[in-house]
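K.L.:
So that we are looking at the same thing, I have put the structure below in structure tokens.
The values are calculated or read from the model by the stated rules, or taken from the named source; none is laboratory data. The structure presented is a predicted model; accordingly, all values stated were derived computationally and were not measured. Reconstructed Cβ throughout: ideal geometry from the backbone, glycine too, with neighbour counts over all protein chains shown. These area figures cover heavy atoms from the full protein model, side chains too; ligands, DNA and RNA do not enter into them. Shrake-Rupley method; radii C 1.70, N 1.55, O 1.52, S 1.80 Å.
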Amino acid sequence: MGKFVTFEGGEGSGKTTQIKLAADWLRERGIPVLETAEPGGTPLGRKIREILLNRGSCAIGAEAELLLFAADRAQHVRETILPALAEGQWVLCDRFADATLAYQGFGRRLDAAFIRTLNDFSTCSLKPDLTLLFDLPVEAGLERAKKRTAGIKPKAAEDRFEREDKELYKSIRDGRQTQLLLPYFKSFLFHGRIREGYLSLAAEEPERFRIINGAADIETVRREVCHHLTALL
Ligand code: Z5A
């Protein structure tokens with residue numbers, strides 16, 4: 001069996017950048033690697049991803065969103081991840097079941113116990129050997145995601161998750177909310193809840209999670225990732 005490593009974190013935390021560097025590092029050591037991502041790691045998943053992130057005029061409630069992520073994962077685990085692990089490949093996955101607890105559980109406030117049951121079903125109870133959590137302040141991550149989006153997509157194509165809270169952040173930055181209310185607003189913001197959610201998941205399972213300072217420069221983060229991968233080798 002290969003090793004299963006998941007990369008988690010908020011928007012713009014650097015997962016995608018680091019997964020590529022980690023895959024190169026492992027390949028240089030002769031380890032077969034599969035890089036994959038959720039949503040969208042299978043042909044069915046790519047259709048689901050399109051619905052989830054670029055819904056157009058179609059409404060998606062929180063419950064339907066949860067089930068679409070679960071459907072994507074159910075197919076991904078069975079079609080891609082389990083066969084690759086059985087062949088002895090290391091699977092590096094950009095987001096997995098923890099993302100559903102963080103986004104749909106902590107972010108959308110859906111029932112966490114139900115999400116855990118659904119996660120078990122969609123993953124065939126597969127757990128990562130290691131989860132790297134890239135942690136950085138919400139605003140910094142959103143700024144990075146904005147820059148990246150500006151480089152590759154037209155403004156209108158900014159995804160649904162990137163739009164969450166943006167207006168509120170803007171009004172805070174512009175001083176339209178008083179400093180006194182700032183902590184109150186921050187604790188209730190969608191992306192803030194996700195960050196806190198991820199950190200509490202990491203605290204629940206310290207043997208599986210490693211928290212990485214995502215605010216450091218790319219090379220520093222890369223070295224920390226390689227250090228944790230070395231421990232798995
Ligand atoms: N979602 C969900 O709600 N429930 C689920 O169960 C699952 C997902 C699985 C998928 O979006 C969305 O689905 C996601 C959660 C939700 N939405 N959000 N938020 P996606 O797949 O399109 O994107 P993402 O997973 O959110 O990743 P991202 O925004 O592309 O960010 P990233 O992969 O963490 O970062 P990056 O692409 O590597 O870097 C972003 C930019 O920062 C880029 O220009 C880099 O060059 C730059 N960067 C990276 N690292 C650094 C450092 N260290 N310093 C400076 N600049 C850096």
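K.L.:
Within segment 51-68, which residues are among the charged types (D, E, K, R) and either within 11 Å of the ligand (Cβ to nearest atom) or outside any helix (DSSP H, G or I) (or both)? Please lay out each step first, then the result.
P.N.:
If we filter segment 51-68 for residues that are among the charged types (D, E, K, R), which is where we start, we get 55, 63, 65.
Those that are among the charged types (D, E, K, R) and either within 11 Å of the ligand (Cβ to nearest atom) or outside any helix (DSSP H, G or I) (or both): ARG55, GLU65.
K.L.:
Okay, moving on. Out of the residues in segment 190-206 that are touching a Gly at 6+ places or on another chain (Cβ under 7 Å) and of a type in the set (A, V, I, L, M, F, W, C), state the one that is surrounded by the fewest Cβ atoms within 10 Å (Cβ to Cβ).
P.N.:
The qualifying residue surrounded by the fewest Cβ atoms within 10 Å (Cβ to Cβ) is PHE190.
K.L.:
Being more than 12 Å from the ligand (Cβ to nearest atom) and of a type outside the set (Lys, Arg): is that true of THR100 here?
P.N.:
Working: more than 12 Å from the ligand (Cβ to nearest atom): no; of a type outside the set (Lys, Arg): yes.
So THR100 fails the test.
K.L.:
Quick test for you: out of LEU110, LEU101, LEU142, pick the one residue that is aliphatic (A, V, I, L, M), modelled with pLDDT of 70 or more and under 13 Å from the mean Cα position of the chain (by Cα). Give the derivation first.
P.N.:
Values: LEU110 fails: under 13 Å from the mean Cα position of the chain (by Cα); LEU142 fails: under 13 Å from the mean Cα position of the chain (by Cα).
Result: LEU101 is the single residue among LEU110, LEU101, LEU142 that is aliphatic (A, V, I, L, M), modelled with pLDDT of 70 or more and under 13 Å from the mean Cα position of the chain (by Cα).
K.L.:
Among what's in segment 86-97 and is away from the ligand (no atom under 11 Å from the Cβ) and not small (Gly, Ala, Ser), pick the residue that is nearest to SER200 (Cα to Cα). Please lay out each step first, then the result.
P.N.:
Step one: list which residues in segment 86-97 are away from the ligand (no atom under 11 Å from the Cβ), which gives 86-92.
Checking the rest, the ones that are also not small (Gly, Ala, Ser) come to 87, 89-92.
Values: GLU87: 33, GLN89: 30, TRP90: 27, VAL91: 25, LEU92: 22 Å.
It comes out as LEU92.
K.L.:
Name every residue in segment 13-43 that is away from the ligand (no atom under 16 Å from the Cβ) and open to solvent by 30 Å² or more (accessible area, probe 1.4 Å), in order of residue number. Don't jump to the end; show me each part of the working.
P.N.:
As a first pass, look at segment 13-43 and keep what is away from the ligand (no atom under 16 Å from the Cβ): 26-34, 43.
Scanning segment 13-43 gives ARG27, GLU28, ARG29, GLY30, PRO32, LEU34, PRO43.
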